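What follows is a single structure, written as structure tokens, with notes after it.
The values are calculated or read from the model by the stated rules, or taken from the named source; none is laboratory data. Treat the numbers as computed from the prediction; the structure is a model and nothing was measured. Glycine also receives a Cβ, built like all others from the backbone with ideal geometry; neighbour counts cover every protein chain displayed. We work out accessible area using only protein heavy atoms, side chains counted, and drop any ligands, DNA or RNA first. Shrake-Rupley method; radii C 1.70, N 1.55, O 1.52, S 1.80 Å.
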Amino acid sequence: MRILNIGSLNLDYVYSVDHIIKPGETESSDSRNIFLGGKGMNQSCSLAKAGAEVYHAGMIGRDGTAFLDACREFGVRSEFIRVVDVPTGHTVIQVDKNAQNSILLFGGANQALTETFVEEVLSYFGPEDILLLQNEINLLPCIVDRAYARGMRIALNPSPFNSRLEEVDLRKISVFLLNEVEGSQITGEKEERNILVGLKEKFPEASFLLTLGVKGAIYADRDQEIFQPAFPVKAVDTTAAGDTFTGYFLAGVSEGVPVKEILRRCAMASAITVSRKGAVPSIPYREEVLSRLERELH
Ligand code: ADP
């Protein structure tokens, strides 16, 4: 089973700060690192590192060709990444001393997708494949409608959650991958139990993967609900924790691994990610995740 991820490619400028800057405040940072990121790229890399056959589709400017090298390095298929005449999207990320982050996003080429491009990419995929989407690119409603019409199973990480998602026909989504904040925004509920009830009421046919930060994650569908605690680690940078979880989850689904085992892999993979700085480079490879899980059992 192949996974097509039509998603963002961002250059991430990560600054270490004492605390997240307040309105009107100026604070200096003594460390800046540049990483290749974007929820789309992070999730494609997580999928590839987890061992899935993943095709990334999206757009970059001429300043973003490092993404093509990275795709080669991590094993992400990149034939559907187009270089266009728009600057590559980028983020400015602050990480404070408690590993909390704040993210400013410039869309750039991620907002330049065209219907012709989408149609062409989708023409290579069908009912046997999974489409993964996040909310950092344009044309989401069109992509969902066309992929659904082709019989694809659609997984959505509704992040960042904003009013643009209201234009998407969410009944066409098979799997929602979301954190507590997004779950709360979709349902209007605060408490995790009520979020799950609200999600199931709204989308009775879908399955859900609700991540709860350091508390862990819950998988739910019509027939079952499984709680997976987080593995205790010293958190250094929580960037890409959810993206790691998403990638490992769909990689497990595409391999036919039982959900309970998939969740253990996801939790271990994202625990490793939060214990390291940065996004893509901090996501562990499958071998590391499996050997750490093996050690947990002994
Ligand atoms: P997002 O990055 O989308 O906000 P979460 O914060 O819910 O996602 O984190 C996703 C997953 O990463 C959690 O379900 C958990 O397994 C793992 N995780 C997050 N923070 C920690 C932490 N401090 N220690 C261990 N695991 C963590």
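What the table shows:
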quantity: Lys, Arg +1 and Asp, Glu -1 on Cβ, resulting dipole of the chain about Cα centre, debye, nearest 20; calculated: 460 debye
quantity: Cα-based equivalent ellipsoid of the stretch 207-263: semi-axis lengths in Å, sorted from largest, via gyration tensor; calculated: 20, 13, 10
quantity: Candidates Thr91, Thr273, Thr244: whichever shows maximal mean-square fluctuation once the chain is modelled as a Gaussian network with Cα springs under 10 Å; calculated: Thr91
quantity: The stretch 49-173 - Kirkwood radius from inverse mean 1/r over Cα pairs (Å); calculated: 15.8 Å
quantity: Per-selection Rg to Rh, the stretch 1-48 - Cα, Kirkwood hydrodynamic radius; calculated: 1.18
quantity: Surface accessible to a 1.4 Å probe, per residue, for the residues of the stretch 76-197, Å²; calculated: 46 Å²
quantity: Equivalent ellipsoid dimensions for the stretch 90-137 as semi-axes, Å, which come from the Cα gyration tensor, largest first; calculated: 32, 15, 5
quantity: P(r) weight above 16 Å for the stretch 1-81, C-alpha pairs, percent; calculated: 55 percent
quantity: DSSP beta bridge pairing in the stretch 172-298, given as percent antiparallel to the nearest 5; calculated: 60 percent
quantity: Largest-first principal axis extents, alpha carbons of the chain, Å; calculated: 51, 50, 39
quantity: Convex hull volume of the stretch 155-227 per residue (C-alpha atoms, cubic angstrom); calculated: 79 Å³
quantity: Global form of the stretch 108-176, assessed from the alpha-carbon gyration tensor, a/c cut-off 1.5; calculated: oblate
quantity: Gyration tensor (alpha-carbon) shape descriptor, the stretch 246-298, a/c threshold 1.5; calculated: oblate
quantity: Coil-residue trypsin sites (Lys or Arg not before Pro) of the stretch 177-254, DSSP, other Cβ within 10 Å capped at 11; calculated: Lys190, Arg222, Lys234
quantity: Within the accessible area of the stretch 73-206 (1.4 Å probe), percent carbon and sulfur; calculated: 49 percent
quantity: Of the DSSP H helices in the chain, those whose Cα atoms cover at least 18 Å axially and whose Kyte score averages -1.0 or more; calculated: 241-255, 259-274
quantity: Length-normalised contact order of the chain in % [C-alpha pairs under 8 Å, at least 6 apart]; calculated: 18 percent
quantity: Descending Cα extents along the principal axes, the stretch 120-279, whole Å; calculated: 44, 33, 30
quantity: Sum of -39500 (n - 2.57) over DSSP H runs of 4+, divided by residues of the chain (222 nm, nearest 500); calculated: -10000 deg cm²/dmol
